[in-house]
Amino acid sequence: MTRAAIQKTSTESPVKDMVYIALFAALTAVCSWITIPFTVPFTLQTFGVFMAAEVLGGKRGSLAVLVYILLGAAGLPVFSGFRGGPGVLLASTGGYIIGFLAGILVMWLLESITGKVPFGNLLRMISGLIVCYAFGTAWFMHVYSSANGPTALMTVLGWCVFPFIIPDLAKIILVSVLAPRIRKLAGIH
């Protein structure tokens, strides 16, 4: 292999990684704009997060979600309802956005432990979703209770989790079908 070929190979991979990370951060932003208003808005953000994890893998997927959150924190309108800024993260639903990062980090950890076992992707995504729900619900309870007085956990779960379980499971199934095909078409390993 020539010196030029070695240089091209060594610089091509980081550039590809940056492009994939940016692409999936943008995908998550677009998914957040598809919104049905609710106490916690119904969006396709989790679809974008799961796709990032399953197509790019733990490291690049986590970086894509981190970039998405940082863009929103910097004020770009990447969150649901075309909102951005630190106020969104500090509001009652901000814990779910932070939960995306915590969830994908758990998915990365599980990926490194289990590898590519059959149905491992489903278990990783469900685990990541549970972590996201936990972060988001805890933050929602803190913010909502601070403004309105104590609120029961079951009440908050009824507002923020139970209505989303079936749609989120449907997104997980869709990602489990699409992600391997996308990885193969894009030549992502």
Name, by its number, the condition in (1) modelled with pLDDT of 95 or more; (2) within 24 Å of residue 166 (Cα to Cα); (3) hydroxyl-bearing (Ser, Thr, Tyr) that does not hold for residue 92.
(1)
Read through the list (1) more than 22 Å from residue 55 (Cβ to Cβ); (2) surrounded by 13 or more Cβ atoms within 10 Å (Cβ to Cβ); (3) touching a residue at least 24 places away in the same chain (Cβ under 8 Å), then give the number of the only condition that residue 89 fails.
(3)
Could you tell me whether any residue of the range 103-124 is more than 16 Å from the chain's Cα centre (by Cα), outside any helix (DSSP H, G or I) and modelled with pLDDT of 95 or more?
no
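For the range 128-140, indicate whether the set of residues that are assigned to a helix (DSSP H, G or I), under 14 Å from residue 93 (Cα atoms) and either of a type in the set (S, T, N, Q) or in contact with a His (Cβ under 9 Å, 6 or more places away or on another chain) (or both) is non-empty.
yes
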Residues of the range 135-173 being out of contact with any helix residue (DSSP H, G or I) (no Cβ under 7 Å at 6 or more places or on another chain) and closer than 26 Å to residue 121 by Cβ, in sequence order, are 162, 163, 164, 165, 166, 167, 169, 170, 173
Every residue from the range 48-69 that is part of a helix (DSSP H, G or I) and either modelled with pLDDT under 95 or of a type outside the set (A, V, I, L, M) (or both):
48, 50, 54, 58, 59, 60, 61, 62, 68
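The values are calculated or read from the model by the stated rules, or taken from the named source; none is laboratory data. Source: prediction; values computed, not measured. When we count neighbours, we look across all protein chains shown, and the Cβ atoms used for this are built from the backbone with ideal geometry, even at glycine.
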